[in-house]
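Student: Got a structure for you, questions after.
Coordinate-derived values only; no laboratory data. What you see is a predicted model; the values in this text were computed from it and never measured. All Cβ positions, even for glycine, are placed from backbone atoms using ideal geometry, and neighbour counts span all protein chains on display.
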Amino acid sequence: MKISVLGRLSIGFFIALFLLSFGLLLFPSLDPTAFDPFYIGNPEAPSWAHWFGTDDFGRDILLRCLSGARISLLVGIVSVLISVFLGVWVGLVSGFYGGWVDAVLMRFVDIMLGIPSLFLILTIQVMLSPSIINVIVVIGLTSWMGVARMVRSEVLSMRERVFITAAFARGFSNSKVLFKHILPHTLLPVIVAAMLGMGSAILAESVLSFLGLGVQPPHASWGNMLENSLSFMRDAPWMTVCPGLLITASVLGLNFIGDDMRAYLNVRERVDARA
Amino acid sequence: MIFRRILGFIPLIFGITFISFMIMHAAPGDPTMMFVDPSVQIQDMAQVKANLGLDKPVLVQYFFWLKEIGKGNLGFSYVSGQPVLDLLWERLPATLLLSVSSLILILCFTFPLGLLSGYKKDSFFDRAVTFLSFLGMSLPTFWLGLMLLLLFSLRWSLFPTFGFIDPFLEDASLWARAVSVLHHMFLPLLTILIGGLAGLIRFNRFSIIEILSQDYIQAGRARGLSERRLLFKHAFKNAALPIVTILGAGLSGLIGGSFVIEYIFSWPGMGQLGVSAVFARDYPVLMGSILFSSILIMLGNFLADLSYSKIDPRVRIR
């Protein structure tokens with residue numbers, strides 16, 4: 001498998017991020033929530049003691065960024081699992097059974113795509129209490145439509161293929177044909193879409209937390225660090241810059257890896273699969 | 001034909017409003033708690049709810065809402081008591097100005113950049129454009145907005161930090177006001193542009209590469225057509241088709257994304273109104289914003305379909 005330089009760099013970045021953010025748990029002395037009462041309201045610029053500076057509570061931003069990475073990665077992975085699961089099911093059923101089932105499901109997809117997703121996510125999040133689990137579920141439930149459409153169109157083109165007709169001719173049941181013969185062929189584009197979807201999920205989490213409806217303090221997430229930085233933007237720009245750079249780097253990395261996978265698996269570029 | 005297409009949107013809008021309404025009213029909390037004076041007695045609270053129709057089953061409330069819309073009444077804001085329709089009308093021009101101009105600019109930049117990048121595949125220019133569009137796709141737009149604000153407004157004081165127009169210019173000439181609006185619009189527009197452009201350029205690049213490898217381009221070359229003519233006349237139109245579709249489909253993302261931008265730059269549009277309505281649980285305003293923006297999205301999709309059949313005579317609107 002040919003991996004581009006940028007792809008290699010991205011993989012390296014994620015390995016480092018994983019190791020550092022989870023390795024942090026082994027060192028209880030490096031506490032991202034530990035604050036220094038002396039520094040309250042007085043963020044300190046980056047220095048040798050605090051590489052990324054400190055925030056308004058005197059908490060170390062590097063440590064907070066790393067513990068925020070755990071949450072962002074968790075949100076990215078689990079919410080994509082939810083949206084892929086839903087999207088694959090809806091797409092398979094819709095494409096395979098056709099008729100009114102297809103019509104109803106696809107109209108539902110149209111409706112979900114017609115609601116501005118930000119309003120949808122915010123509304124659900126306002127009524128649920130903002131917690132990490134709710135963030136994950138809400139992002140998962142509002143981002144499956146692209147995958148569903150993609151899987152459906154793959155299934156539709158699969159159905160026309162001779163080997164599917166042959167499978168039916170041999171008397172295989174619907175479910176056997178669907179899961180053993182059609183599903184595996186739709187998985188490649190789904191894997192690529194999942195990679196890119198993880199980036200979108202990380203972005204969605206950061207917007208939610210930025211608006212104060214996502215991960216709640218004292219837990220650090222990249223989004224709520226940005227929310228917190230707003231009142232200090234003029235005096236302590238490092239509070240805004242560092243988490244944002246990490247979000248950008250992670251999403252960029254996922255895009256690079258996804259693009260390499262797309263090229264390797266020979267999947268067509270499609271913007272509509274991006275949730 | 002066109003009429004039938006428009007008719008097709010109506011059930012969709014019913015669906016969108018129905019689902020939004022259900023989600024909103026499934027909320028465990030009580031919106032009246034947000035704005036009623038805490039000293040009000042319990043029995044009076046019941047009266048408040050009855051006045052707002054909140055004591056009825058959700059379905060009944062939805063049909064009541066629909067009936068009022070038929071009369072041109074979108075309800076009244078829980079917070080300010082103003083008619084929702086007036087609030088939205090007030091906000092619509094700012095949102096339209098921002099989204100339509102960003103759409104036009106996105107198209108102006110996508111085609112030449114995508115075209116050249118696909119034509120000069122693997123050149124330095126192509127690599128640069130590819131990298132930059134990946135970067136644009138990955139930047140959190142709200143953070144990009146914050147960074148631009150930080151640099152251009154707070155550091156260098158080149159652009160205003162918020163708002164639509166300079167409040168001192170109420171009576172100034174049309175020209176002076178237009179310049180002030182443009183000045184205020186620059187940063188939000190730039191933010192939306194960078195976010196919206198990236199994916200499309202990349203997509204356009206792919207379609208150009210695919211088209212340039214086709215036989216009819218080779219045939220054109222063999223007949224001695226200039227590269228310029230091949231590219232701008234023969235390849236361009238076919239590459240424009242998928243972009244138009246994608247743009248129609250991506251419109252909801254674009255509009256949704258610009259809502260956060262409106263919020264950050266205090267741009268007095270529907271997005272800012274809607275986001276604050278979410279926090280205040282101002283259901284009538286929120287429902288109105290969802291209705292308006294979904295109509296905008298449908299309209300955009302419809303225009304995309306129309307221009308699709310204009311560009312490609314093979315496609316007829318069914």
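Student: First select every other residue whose beta carbon is under 10 angstrom from the beta carbon of residue A:221; then total the charges, Lys and Arg +1, Asp and Glu -1.
Tutor: On the way: positive: A:64, A:70; negative: A:205, A:227.
Within the 10 Å Cβ shell, the charges total 0.
Student: Place +1 on the Cβ of every Lys and Arg and -1 on the Cβ of every Asp and Glu in the protein assembly as shown, take the dipole about the Cα centre, and give the residue among A:207, A:243, B:19 whose Cα lies farthest towards its positive end.
Tutor: B:19
Student: Quick one: which of A:78-90, B:271-283, B:173-185 comes out on top by average Cβ neighbours within 10 Å, and what's the full order, highest first?
Tutor: The densest-packed peptide leads the list: B:271-283, A:78-90, B:173-185.
Student: How well do other chains shield peptide A:120-129, expressed as the mean number of their Cβ atoms within 10 Å of each residue Cβ?
Tutor: Details: counts 6, 2, 8, 12, 5, 1, 8, 10, 3, 2.
The shielding value for this peptide is 6.
Student: Once phi is turned into θ = phi - 60°, what whole-Hz ³J(HN,Hα) does the Karplus curve with 6.51, -1.76 and 1.60 give for every residue of the stretch B:141-147, x standing for Gly and Pro?
Tutor: Going residue by residue, I get 4, 5, 6, 4, x, 4, 5 Hz, with x marking Gly and Pro.
Student: On full extension of the chain, what length is gained from residue A:33 through residue A:107, given 0.36 nm per residue of separation minus the C-alpha to C-alpha distance?
Tutor: Details: separation 74, 0.36 × 74 = 26.64 nm, distance 4.66 nm.
Extending this stretch completely gives an extra 22.0 nm.
Student: Could I ask something else about it? For each of A:17, A:230, count neighbouring Cβ atoms within 10 Å of the residue's Cβ, then give the residues from fewest to most.
Tutor: Working: A:17 20, A:230 12.
Ascending number of Cβ neighbours within 10 Å: A:230, A:17.
Student: Just flag the chymotrypsin sites (Phe, Trp or Tyr not before Pro) in the stretch A:90-180 sitting in loop per DSSP whose Cβ has no more than 15 other Cβ atoms within 10 Å. Before the final figure, lay out each step's value.
Tutor: Details: sites: A:96, A:97, A:100, A:108, A:119, A:144, A:163, A:168, A:172, A:179; in loops: A:144, A:172.
The qualifying sites are A:172.
Student: Separate question: How far apart, in nm, are two points set 7 Å out from the Cα along the Cα-to-Cβ line at residue B:71 and at residue A:137?
Tutor: Each label point lies 7 Å from its Cα, and together they span 3.9 nm.
Student: Within 12 Å, Cβ to Cβ, of residue A:185, how many net charges do the neighbouring residues add up to if Lys/Arg are +1 and Asp/Glu are -1? Kindly include the intermediate steps, with their values, before the conclusion.
Tutor: Working: positive: A:159, A:161, A:180; negative: A:154.
Neighbour charge sum, excluding residue A:185 itself: +2.
Student: While we're looking at this one, here's another question. Please give the average number of partner chain Cβ atoms lying within 10 Å of the Cβ of each residue in A:167-180, rounded to a whole number. List each step's numbers first, then the result.
Tutor: Working: counts 0, 0, 0, 0, 0, 0, 0, 0, 0, 0, 0, 0, 0, 0.
Whole-number average of other-chain Cβ neighbours for A:167-180 is 0.
Student: Something else: Among the trypsin sites (Lys or Arg not before Pro) in the stretch B:71-170, which ones are in a DSSP loop with at most 16 other Cβ atoms within 10 Å of the Cβ? Mind listing them?
Tutor: Values: sites: B:71, B:91, B:120, B:121, B:127, B:155; in loops: B:71, B:120, B:121.
Here the sparse-neighbourhood loop sites are B:71, B:120, B:121.
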